[in-house]
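Written out below as structure tokens is the structure these notes cover.
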Amino acid sequence: MFAKKMETYRKSINDFLENYLDSIKNKIENNLFKSMKYSLLSGGKRIRPILTLSVYDLLNKGEKTDEIYKFAAAVEMIHTYSLIHDDLPCMDDDTTRRGKPCNHVVYGEDIALLAGDALLTQAFEIMSSVNNENINPKNILKSINVLANCVGSAGMISGQCFDIKLNSKNYDKKELLNIYNLKTSKLIAASTIIGAVLAGGNNEEISYIKKFGENIGIVFQLVDDILDNETYNISLFKNPNVNELIQDLTYDAINAIKKINGNIEFLENFAKFLASRVI
């Protein structure tokens, strides 16, 4: 049941992204468009937009609107831009992403850089185009602000700056968790908060959703480090104690959403799914 619902969400997001790209194709320089499309539609689990949609579905207090997909798409565009830039020679200098050549390998470093910039900008364009007859304008503005704060200089970008120093500085456990929070958890938490805000969630519900998103965001990065065999990072948690930390964070995330009235089964299983990749 969970896997089927995940696939339904994933397909709906992919369909929306593809249709949206087709709608703006004629406005964009051809090579730039191909570069944007190459990375945006290259696969991926679509974890962040699925969280936006599923939290919205949990808390929606009005008439459901497909305008929510614009925000889900924006979250994925920002995630994709960050991956394109992370792979560049001046950053991680990777050559493959999701089993395919990185964007800069295919289109060149200059076009890849611009494609990342374009996706970041496109995210805010699509969010600001949401029909405010379907969603409260105050909630639209708040959601844009949440996303900008989480991925900007005080969020994801600062996390990437710290991450660049990882090879030249020995971080302790507390510092590493802060990096995880900034570079990974911030965007995942934003994805959940946006869903809650757009659905008309109250302050208490939003705080529970935020806690949920922050915790599973840390779990996501911890699991990735284990799967990628980042031995130095994991050694700070004295493996196998890292598995206990993953379990504790997942437990706290699930407890947070259990305080919300509604069917939380999908989100509960989502948290377990992220943790179960190594546990």
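The values are calculated or read from the model by the stated rules, or taken from the named source; none is laboratory data. Keep in mind the model is a prediction, meaning the values are calculated, not measured. Cβ placement follows ideal geometry from the backbone for every residue including glycine, while neighbour counts extend to all protein chains displayed. In case anyone asks, the SASA skips ligands and DNA or RNA and just uses the protein heavy atoms, side chains included. Shrake-Rupley method; radii C 1.70, N 1.55, O 1.52, S 1.80 Å.
Values for this structure:
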| quantity | calculated |
| --- | --- |
| Cα-based reach from LYS138 at 24 Å (exclusive), listing lysines while leaving out same-chain residues under 8 positions away | LYS61, LYS64, LYS70, LYS186, LYS210, LYS211 |
| Stokes-Einstein D in µm²/s, Kirkwood radius over Cα pairs - region 71-131 at 20 °C with 1.002 mPa s viscosity | 181 µm²/s |
| Candidates SER35, SER128, SER235, ranked by Gaussian network fluctuation over the chain, Cα under 10 Å, top entry | SER235 |
| Sequence of GLU18, GLU268, GLU204 from largest to smallest accessible area, 1.4 Å probe | GLU204, GLU18, GLU268 |
| For the chain, calculated [θ]222 nm from helices alone, where every DSSP H run of n ≥ 4 adds -39500 (n - 2.57) | -22500 deg cm²/dmol |
| Where N is the number of residues in region 84-177, Cα Rg divided by 2.2 N^0.38 Å | 1.38 |
| Fluctuation leader among ASN241, ASN269, ASN233 - the chain, Gaussian network, Cα springs under 10 angstrom | ASN241 |
| Total charge dipole magnitude, the chain, about the Cα centre, Cβ charges on Lys, Arg, Asp, Glu only, Debye to nearest 20 | 480 debye |
| For the chain, convex hull volume per residue from C-alpha positions, Å³ | 123 Å³ |
